[in-house]
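Read the structure below first, then the notes.
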Amino acid sequence: MPKHPNKEIRAVIAEFEAAGWRIEPSPGHPWGRGYCPGGPEYCPPRSIWSTPRGSERFAKRLRHYLNECPYGDWKDEH
């Protein structure tokens, strides 16, 4: 999968992957989608936009989704 064009969002994608989330390319407008390792019963899939209006704000929102994920004990490691 190609790298995301924005460095702040790339950093959050790395955090998603470290937490066990699966990142897949998206066939539509989003750059990709993030899938919780616990499945949709824990967290809905999250769209990762290729060119969000405010990239820092969007990265912060993605990080919030990750921090609010109830799946697993990975938060103790970070």
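In the stretch 9-21, what residues are over 14 Å from Thr51 (Cβ atoms) and either surrounded by 13 or more Cβ atoms within 10 Å (Cβ to Cβ) or among the small types (Gly, Ala, Ser) (or both)?
Passing the criteria: Ala11, Val12, Ile13, Ala14, Glu15, Phe16, Ala18, Ala19, Gly20, Trp21.
I need the full set of residues from the stretch 48-62 which are of a type outside the set (Asp, Glu) and surrounded by fewer than 16 Cβ atoms within 10 Å (Cβ to Cβ), in order please.
Ser50, Thr51, Arg53, Gly54, Arg57, Lys60, Arg61
Can you find a residue that is in contact with a strand residue (DSSP E or B) (Cβ under 7 Å, 6 or more places away or on another chain) and touching a residue at least 40 places away in the same chain (Cβ under 8 Å) anywhere in the stretch 22-42?
No, the stretch 22-42 has no match at all.
Could you please tell me which pairs satisfy a Cβ distance under 6 Å, a separation of 6+ or placement on different chains, a first residue in the stretch 59-78 that is closer than 17 Å to Pro30 by Cβ, and a second residue that is at pLDDT below 90?
Going by the 6 Å Cβ cut-off, there are no qualifying pairs.
The values are calculated or read from the model by the stated rules, or taken from the named source; none is laboratory data. Here the structure is a predicted model, which means the values were calculated and not measured. We place every Cβ from the backbone using ideal geometry, glycine too, and count neighbours over all the protein chains shown.
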